[in-house]
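A.B. asks: Below you will find the structure I want to go over with you.
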Amino acid sequence: MARLYATLALITQLICIVPTSAVIVDSLSALPKTKYDFVIVGGGNAGAVVANRLTENPRWNVLIIEAGPTQVSFRAKHEDVFTARVPGYVARLQQSPYDWNYTTIPQPGMNGRPIAIPRGHILGGTSSINGMFYTRCSSSDYDRWAKLTGDQGWSWNKILPYILKHEKWTAPADGHSDVGQYDPQYHGTGGNTFVSIAGAPQAIDIPMMKAAEELGGVFSYRQDMNSGNALGLGLTQLTVGHGERSSSATGYLGPKYITRKNLHVLVGHRAIQVLKTATHKGAPSLRTVKFVAEDDPKGLVHEITASKELILSAGVIATPQLLLLSGIGDPKELQSLGIKTVVNLPSVGKNMTDQPLVFLQWALGINGTVDATPQLDQEWLAEWNATKTGPLSAIGINQLGWLRIPDNSPIWSEYEDPSSGKNTAHIELSFTGGAFYPKPGSTITGVAIALQPHSRGSLNLSTTNPFDHPFIDMGFLNSDFDIFTMREGIAALKRFFDAPAWNEYKLKLVSPYPDDVEGQNEFIRNTASSAVHAVGTAGMSAKTASFGVVDPELKLKKAHGLRIVDASVMPYVPAGHTQAPVYAIAERAGDLIKADWPTA
């Protein structure tokens, strides 16, 4: 790293002057020259939360360094990105300037295909481009974290107050009564993140709920999938408020907070290396970070030192990449790239865990269906612009199903159950009718996700250039258990759409899904993709454990001054979408940090 930038580096130390005003800027020269107590790398799902909570103390100055986009309309205001505001435009954010556009290396379990891994390249991180699903997963998921780390603070009962703290439950966009559609005792109303029941009806909503009633059993209606037990079929909860996406940027860095004089945000700059600031009690103190402008990777190299802590919140891919570039990882792997080992932590980049998904499509065999057209899209957009209602106020998925593989399945004679407990789903099902209402669309799509895979992957550096994407290996479908889980999910979708409630639609499966197991396996390997819920690359473990990257307080092991707060610290992937668990982790992290730096 030092050789790579030796001819380019111009080190700029930011020194102490009284802070003047809160700023969001894309130029280092525009920042007040201020000494920062905390520097946060990444203004995403977690980083924005931590910055908000730390700047509640007016004595602490906090800087966020966010890569973000540089050569697009976005400069200082997250609100400038229109597609990030409109829930129904979620697909337009991927493979755009607001996406890191990562791909995996060819995946053997997916017949050698590289798989796209969307990640948010914008203030708010992936909370600004994701599907907005709000799923806390099961209570057992958190209890397993607590058991592994030896810290009961990660248990469901202890983490639930942080979940409630960040949430601001609100009415659906269409104003319908949500009484009976969720359980108020499990929801907060005074937090930063809007959460609501999907507020745009679909024609398939009625047969969906009728089918659940007809089939019962594993498809029985669950009033609130965020109660700690999601099993069954329930109504989708989204991070949407008043018809707009609610991200960590809008919720934690919005106008109410960005006016704080001690909160500064530098966008359009990428962290490239963590440096040893000093040595303390025989271990390195890592409170200094080097960074460059995102649109000028060979330009000036700057560095800044936090007086208290450097916090990495760059995400499951960028956080371990930055650690490895900084000499924090497996010494043998670092040596192969000519990187000097600073901290010997072989677990960095290991234990990568993501959830594979597969789509199936059914066609309606009736007349009078509708399809998407440019004119219809304009009508929907006009409605959203006028009232923040209509199909674009949601994402077209109004119900989710959560299932376990039966206890008497023969698979359990070959594999241990990878889930955290009996209230933890192995499979997620989702259903979309294309957001059409009152007439149905011509097709219905069902999605099956393997929530608790046995497969594990890893992240490794491809080069020592921080602007080169790392080698990302999710290990998708390397285990036959995961293929079995996918087949079980597809079988559940087929059973659901065989319910009498769907008879009037005359559904026909049009995806070429074979009848034989070998053919089914090939279909899955050829068509599956990522649910984009990767975790684990900087996993937490007990303080005395020989594995792991951070301790239960999220401090980097064998070092001082550096903490990690993002999805990479999760030691196991929770059984659902990871946005809500990251918010909970970040909220608790805020209190953990405050406890280490008491002020009068």
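The values are calculated or read from the model by the stated rules, or taken from the named source; none is laboratory data. Since we're looking at a predicted model, the values are computed, not measured. Cβ: placed from backbone, ideal geometry, glycine included. Neighbour counts: every protein chain shown. For accessibility, only protein heavy atoms count, side chains too; no ligands or nucleic acids. Shrake-Rupley method; radii C 1.70, N 1.55, O 1.52, S 1.80 Å.
A.B. asks: What value, in deg cm²/dmol to 500, does the helix sum -39500 (n - 2.57) over DSSP H runs of n ≥ 4 give at 222 nm once divided by the residues of the chain? Each step should come with its number before you reach the end.
C.D. replies: On the way: 14 runs with 136 residues, N = 600.
One gets -6500 deg cm²/dmol as the mean residue ellipticity at 222 nm.
A.B. asks: In whole percent, what relative contact order does the range 506-600 give with Cα contacts below 8 Å and a gap of six or more residues? Can you show the working numbers first?
C.D. replies: On the way: 94 pairs, mean separation 19.9, N = 95.
21 percent.
A.B. asks: Could I ask something else about it? What does the extension gain come out to for A382 and K256, with contour length at 0.36 nm per residue minus their alpha carbon separation? Before the final figure, lay out each step's value.
C.D. replies: Details: separation 126, 0.36 × 126 = 45.36 nm, distance 2.86 nm.
Here the segment from A382 to K256 would lengthen by 42.5 nm.
A.B. asks: What's log10 of I(q)/I(0) for the range 92-168 at q = 0.16, 0.19 Å⁻¹, Debye sum over Cα points only, no solvent?
C.D. replies: Log10 I(q)/I(0), no solvent term: -0.85, -0.91.
A.B. asks: Excluding residues fewer than 8 places away in the same chain, name every one of the aspartates and glutamates whose C-alpha is closer than 15 Å to that of K147.
C.D. replies: Here the aspartates and glutamates satisfying the reach criterion relative to K147 are D551, E553.
A.B. asks: T259: accessible area at probe 1.4 Å, nearest 10 Å²?
C.D. replies: 100 Å²
A.B. asks: Compute the distance in nm between two label points, each set 7 Å from the Cα along the Cα-to-Cβ direction, one at A542 and one at D468.
C.D. replies: Here the answer is 4.0 nm between the modelled labels.
A.B. asks: Now, a different point. Report the net charge of residues surrounding M225, where surrounding means a beta-carbon distance below 15 angstrom and charges are Lys +1, Arg +1, Asp -1, Glu -1. Please list the in-between numbers first.
C.D. replies: On the way: positive: R136, R222, R404; negative: D141, E167, D178, D183, D224, E428.
Counting the neighbours of M225, the net charge comes to -3.
A.B. asks: Of the listed pairs K210/K494; K33/K558; K35/K557; K298/K555; K33/K340; K168/K543, which have alpha-carbon separations greater than 23 Å here?
C.D. replies: Too far apart for the 23 Å limit: K33/K558; K35/K557; K298/K555; K33/K340; K168/K543.
A.B. asks: If you stretched the chain out fully between D480 and S177, how much longer would it get, using 0.36 nm times the residue separation minus the C-alpha to C-alpha distance? All intermediate terms of the calculation are to be shown ahead of the outcome.
C.D. replies: Working: separation 303, 0.36 × 303 = 109.08 nm, distance 4.45 nm.
Result: 104.6 nm gained on full extension.
A.B. asks: If you don't mind, another one. Karplus couplings for the range 121-131 from phi (6.51 cos²θ - 1.76 cosθ + 1.60, θ = phi - 60°), rounded to Hz, Gly and Pro as x?
C.D. replies: So the J values, rounded to whole Hz, are 10, 6, 4, x, x, 5, 5, 8, 10, 7, x.
A.B. asks: How far is helix 205-215 tilted off the main Cα axis of the chain, in degrees rounded to 10, range 0 to 90?
C.D. replies: Rounded to the nearest ten degrees, it is 70.
A.B. asks: Enumerate the amide H contacts of S530 below 5 Å, restricted to partners 5 or more residues apart or on another chain; note that Pro and chain-start residues carry no placed amide H.
C.D. replies: Long-range HN contacts for S530: L357.
A.B. asks: Going by average Cβ neighbours within 10 Å, how do the peptides 115-128, 335-348, 31-44 rank, with the highest at the top?
C.D. replies: On the way: 115-128: 25.9, 335-348: 17.1, 31-44: 23.8.
So the order, starting with the most tightly packed, is 115-128, 31-44, 335-348.
A.B. asks: In terms of solvent-accessible area of protein heavy atoms at a 1.4 angstrom probe, what is the ranking of W100, W145, highest value first?
C.D. replies: Ranking W100, W145 by accessible area, largest first, yields W100, W145.
A.B. asks: Can you give the accessible area of W156 in Å² (nearest 10), computed on protein heavy atoms with a 1.4 Å probe?
C.D. replies: 20 Å²
A.B. asks: Still on this structure: Go from 0 up to the bin containing the longest alpha carbon distance in the chain, width 10 Å each, and give me the % of pairs per bin.
C.D. replies: Per 10 Å bin, starting at zero, the Cα-Cα P(r) for the chain comes out as 3, 17, 28, 27, 16, 7, 1, 0 percent.
A.B. asks: Show me 521-528, 560-567, 228-235 ranked by packing, highest mean number of other Cβ atoms within 10 Å first. Kindly include the intermediate steps, with their values, before the conclusion.
C.D. replies: Working: 521-528: 18.8, 560-567: 26.2, 228-235: 21.8.
The peptides rank, most packed first, as 560-567, 228-235, 521-528.
A.B. asks: With every protein chain kept in place and ligands, DNA and RNA left out, what is the accessible area per residue of the range 228-280? Probe 1.4 Å, answer in Å².
C.D. replies: Accessible area per residue: 30 Å².
A.B. asks: If each of H280 and D407 carries a label point 7 Å out from its Cα toward its Cβ, how far apart are those two points in nm?
C.D. replies: If labels sit at H280 and D407, their model points lie 5.0 nm apart.
A.B. asks: Applying a 10 Å radius around every beta-carbon, put 512-519, 325-332 in order of their mean neighbour count, most first.
C.D. replies: Working: 512-519: 10.5, 325-332: 21.2.
Sorting 512-519, 325-332 by mean packing, highest first, produces 325-332, 512-519.
A.B. asks: For the full complex of protein chains and a 1.4 angstrom probe, list E504, E214 by accessible area with the highest value first. All intermediate terms of the calculation are to be shown ahead of the outcome.
C.D. replies: Values: E504 130, E214 75 Å².
Largest to smallest exposure gives the sequence E504, E214.
A.B. asks: For D498 and A372 in one chain, what is 0.36 nm times their gap in residues minus the Cα-Cα distance, to one decimal in nm?
C.D. replies: On the way: separation 126, 0.36 × 126 = 45.36 nm, distance 2.58 nm.
Taking 0.36 nm per residue and subtracting the Cα distance, the gain is 42.8 nm.
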